[in-house]
């Protein structure tokens, strides 16, 4: 088998496995509603592996396929949060962290997160039509979500580091970029 075809097959296989795992994780988040945001974050972390190992347009394809397949689930909160923020954030995180200023990086990251959170609130209120009592805590959601996001970003950075220096070797994965 020529090297280009073999490399393409490996890329497709990694992406298919990660997409499948992402849908499974989001399904668990749909079944156990208290885990919907955690499931979306974990599925997003899986996208980071595709960013590292494959790169290019592939992480975007994994994000789209995972998100769209997850919209078939009965409860869509995890899928919506994944599509609106958690799924593509690891892709953009790599690009944002190439910027020079850490302050600028954090400003962009927090603007993205708060924009996505506002969109999630609007989608749940006007498209999913959740009762207004559910959204009465909006004033408290933003500070809590910002705190959770900063912790998520730090944890994601550390998980990526552990993946690169420990898990990757144990799994025998070689980058396909």
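Is it true that some residue in the stretch 26-38 is surrounded by 21 or more Cβ atoms within 10 Å (Cβ to Cβ), more than 14 Å from the chain's Cα centre (by Cα) and either free of Cβ contacts under 8 Å to residues at least 40 places away in the same chain or over 11 Å from residue 82 (Cβ atoms) (or both)?
Looking through the stretch 26-38, none of the residues is surrounded by 21 or more Cβ atoms within 10 Å (Cβ to Cβ), more than 14 Å from the chain's Cα centre (by Cα) and either free of Cβ contacts under 8 Å to residues at least 40 places away in the same chain or over 11 Å from residue 82 (Cβ atoms) (or both).
Would you tally the residues in the stretch 98-107 being modelled with pLDDT under 95 and touching a helix residue (DSSP H, G or I) at 6+ places or on another chain (Cβ under 6 Å)?
Total meeting the criteria: 1.
For the structure I just gave you, tell me whether residue 176 is surrounded by 13 or more Cβ atoms within 10 Å (Cβ to Cβ), closer than 22 Å to residue 55 by Cβ and at pLDDT below 95. Before you say what the answer is, go through the steps one by one.
Working: surrounded by 13 or more Cβ atoms within 10 Å (Cβ to Cβ): yes; closer than 22 Å to residue 55 by Cβ: yes; at pLDDT below 95: yes.
Yes; evaluated as a whole, the condition is true for this residue.
Across the stretch 50-59, what is the number of residues that are in contact with a helix residue (DSSP H, G or I) (Cβ under 8 Å, 6 or more places away or on another chain) and either buried (at least 24 other Cβ atoms within 10 Å of the Cβ) or closer than 14 Å to residue 92 by Cβ (or both)?
So the count comes out to 3.
The values are calculated or read from the model by the stated rules, or taken from the named source; none is laboratory data. Computed from a predicted model, the values in this text were never measured in an experiment. Ideal geometry is used to build each Cβ from the backbone, glycine not excepted, and the neighbour counts take in all protein chains shown.
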